[in-house]
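Working notes for the structure below.
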Amino acid sequence: MTFFTAKKAKYEGPKSRSELAFRHYDKNRKVMGKTMADHLRFAICWWHSTCWPGSDPFGGDTFLRPWHHSSNEMEAARQKADVMFDAMDLTSIDFFCFHDRDIAPEGQSLKESNANVTAIANYIEKKMAKGKKKCLWGTANLFSNRRFMAGAATNPDPDVFAYCAAQIKHCMDVTKGLGGANYVMWGGREGYETLLNTNIGHELEAAKRMLALVIEYKHKIGFKGPILIEPKPQEPTKHQYDYDVATVYSLISSLGAQKDVKVNIEQNHAILAGHTFEHEIALASALGIFGSIDLNRGDYQSGWDTDQFIVDVPELTLAMYEILKAGGFTTGGMNFDAKIRRQSIDADDLIHAHVGSMDACAKALLNAAAMIEDGVLKGMVDERYAGWSTARNKAMLQGKESLEQIAARVEKNNINPQPKSGRQERLENLINRYC
Ligand code: XUL
Ligand code: CO
């Protein structure tokens, strides 16, 4: 018996009147030479979908899922896996993402915890083969247990650093065993609460060392996909070292590791950092470190990580436009790091949430593809930078002219720049034509 009562959502076209159906997501439809499924590479996440019980700082469990109240933790872990695979089936989502502590209970020692993770991973592997499902990425939970309260790799206690290294090693092995396309690092506790007890210089060095160890191990075991760092500016710590794409780039480039390490960009984290979602994608792409997406929506009034399902088509259209411009996903994809609201207590709410957001993404993909194919927006941007294509200006950008030479040329030719309109409103009107 399955936990859900919903039937598998089908593509019914834009005119469908069914409550649970795809209007735009037609999995095998080709868009710009690739199927929609290959463009979007949707993933469901373990932690919000089956681990979180609906709690908030003021109250506990609202969902009352049977596996949260089971006396046999390993049996509950298998039950959660069954529900995850049923959800993937009903939504036609091909990938999943997990933390080690999501899939299996923590034991009395790391050895026991690792054995639990391995046992459930074996159970998951069998279900993957049966349902043709894939792992987008795995990650180690280095933030929930109280041992991490003062940091994971950046903890003042070297034993915590060592413990993290050991936990990551096992999680990388398990992710590789499940054929994971990427391995993620989100530094939930890599930051500080007060400078009064913090040695920033040491903590940055430790974070860098951990990343170097992970890259080395990735090569050692032949893990093909990239390591993805997930930027976030605050929450849980007041000041996070992985603030945003630009900050994470400085860590990656300090190791010269742009080939091995990319970023996993989350909408809610982007707006908490004071950026837009599309800004973070465009910047990562410009810096050569765009990897994957954690898909959700922050609340524009609340200053915390509300992780709602994203259904805003115009916002998604701008994000998809940047993703297509970046060449689309290679190993990455769109992981629903999103949770239903704590009042959404019906089992099927989870299915409706994923299907609705997938459909919004599909519509955004169609909009963005039309923007690319028309080329009007690109044409207007190219025109703005056209002056740089002359031989002399190219030479200036390539460092072939010194400051004195440029200065002499400006005086000699009486260069006198004339401002031109940025045409923002015309561009915004143009975007609305596609949405
Ligand atoms: C937390 C968050 C994490 C990461 C994985 O804000 O986004 O769930 O995605 O650790
Ligand atoms: Co995330």
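The values are calculated or read from the model by the stated rules, or taken from the named source; none is laboratory data. This structure is a prediction, so every number in the text was calculated from the model and none was measured. When we count neighbours, we look across all protein chains shown, and the Cβ atoms used for this are built from the backbone with ideal geometry, even at glycine. Areas reflect the complete protein model, heavy atoms only, side chains present, ligands, DNA and RNA absent. Shrake-Rupley method; radii C 1.70, N 1.55, O 1.52, S 1.80 Å.
Among the residues of segment 131-151, what is the count of those that are more than 16 Å from ligand 2 (Cβ to nearest atom) and either closer than 28 Å to Ala206 by Cβ or free of Cβ contacts under 8 Å to residues at least 24 places away in the same chain (or both)?
Number of matching residues: 7.
Just to be sure, is Ala257 part of a helix (DSSP H, G or I) and open to solvent by less than 50 Å² (accessible area, probe 1.4 Å)?
It is false that Ala257 is part of a helix (DSSP H, G or I) and open to solvent by less than 50 Å² (accessible area, probe 1.4 Å).
Six or more apart or on different chains, Cβ under 6 Å: which pairs go from a residue in segment 115-129 that's under 14 Å from Gln167 (Cβ atoms) to one that's surrounded by fewer than 22 Cβ atoms within 10 Å (Cβ to Cβ)? Could you list them?
Taking only residues 6 or more apart or on different chains, the pairs are Asn116/Pro105; Asn116/Gly107.
Quick check on Pro231: is it assigned by TED's automatic domain parsing to the domain that holds Thr331, buried (at least 20 other Cβ atoms within 10 Å of the Cβ), within 11 Å of ligand 1 (Cβ to nearest atom) and in a loop (DSSP other than H, G, I, E, B)?
Taking the combined requirement at face value, the residue satisfies it.
So for segment 261-273 (the condition being open to solvent by 10 Å² or more (accessible area, probe 1.4 Å) and more than 16 Å from ligand 1 (Cβ to nearest atom)), does at least one residue qualify?
no
Assess whether Asp307 counts as being within 22 Å of Ile93 (Cβ to Cβ) and within 16 Å of ligand 2 (Cβ to nearest atom).
yes
Can you find a residue in segment 124-146 that is open to solvent by less than 20 Å² (accessible area, probe 1.4 Å), touching a Ser or Thr at 6+ places or on another chain (Cβ under 9 Å) and farther than 30 Å from Cys361 by Cα?
No - not one qualifying residue is present in segment 124-146.
Answer with yes or no whether Ala37 is open to solvent by less than 30 Å² (accessible area, probe 1.4 Å) and away from ligand 1 (no atom under 16 Å from the Cβ).
Here the answer is yes, as Ala37 does meet what is asked.
If you scan segment 29-54, which residues turn out to be farther than 21 Å from Thr317 by Cβ and either β-branched (Val, Ile, Thr) or not assigned by TED's automatic domain parsing to the domain that holds Thr175 (or both)?
Matches in segment 29-54: Ile44, Thr50.
Quick check on Ser113: is it open to solvent by less than 10 Å² (accessible area, probe 1.4 Å) and either modelled with pLDDT of 95 or more or of a type in the set (Ser, Thr, Tyr) (or both)?
The answer is yes for Ser113.
Going through Lys363, Lys339 one at a time, which residue ends up being of a type in the set (D, E, K, R), in contact with a strand residue (DSSP E or B) (Cβ under 9 Å, 6 or more places away or on another chain), assigned by TED's automatic domain parsing to the domain that holds Met84 and closer than 30 Å to Asp94 by Cβ?
Lys339
So how many residues does segment 380-409 have that are open to solvent by 60 Å² or more (accessible area, probe 1.4 Å), more than 30 Å from Asn429 (Cα to Cα) and of a type in the set (Val, Ile, Thr)?
Matching residues across segment 380-409 total 1.
Do we have any residue at all in segment 312-330 that's within 16 Å of ligand 2 (Cβ to nearest atom), touching a residue at least 12 places away in the same chain (Cβ under 8 Å) and closer than 26 Å to Ala6 by Cα?
No, every residue in segment 312-330 fails to be within 16 Å of ligand 2 (Cβ to nearest atom), touching a residue at least 12 places away in the same chain (Cβ under 8 Å) and closer than 26 Å to Ala6 by Cα.
Checking Tyr243 against (1) within 16 Å of ligand 2 (Cβ to nearest atom); (2) open to solvent by less than 10 Å² (accessible area, probe 1.4 Å); (3) part of a loop (DSSP other than H, G, I, E, B), which single condition isn't satisfied?
The number of the failed condition is (2).
Search segment 275-304 for residues being farther than 12 Å from Val245 by Cα and away from ligand 1 (no atom under 12 Å from the Cβ), and hand back the single one that is most open to solvent (accessible area, probe 1.4 Å).
Applying the filter and picking the extreme gives Gln301.
Only residues that are within 16 Å of ligand 2 (Cβ to nearest atom) and either modelled with pLDDT of 95 or more or closer than 15 Å to Val248 by Cβ (or both): list them for segment 283-304, please.
Ala284, Phe290, Gly291, Ser292, Ile293, Asp294, Leu295, Asn296, Arg297, Gly298
Among the listed residues Thr247, Thr198, Thr237, which satisfies the condition of being free of Cβ contacts under 8 Å to residues at least 24 places away in the same chain, at negative phi and within 16 Å of ligand 1 (Cβ to nearest atom)?
Thr247
Would you confirm whether any residue within segment 337-346 is without any contact (Cβ under 8 Å) to a residue 12 or more places away in the chain and out of contact with any Asp or Glu (no Cβ under 6 Å at 6 or more places or on another chain)?
Within segment 337-346, one or more residues are without any contact (Cβ under 8 Å) to a residue 12 or more places away in the chain and out of contact with any Asp or Glu (no Cβ under 6 Å at 6 or more places or on another chain).
Check off (1) out of contact with any helix residue (DSSP H, G or I) (no Cβ under 6 Å at 6 or more places or on another chain); (2) within 13 Å of ligand 2 (Cβ to nearest atom); (3) assigned to a helix (DSSP H, G or I) for Glu280 and give me the number that stays unchecked.
Here Glu280 meets the rest and fails (1).
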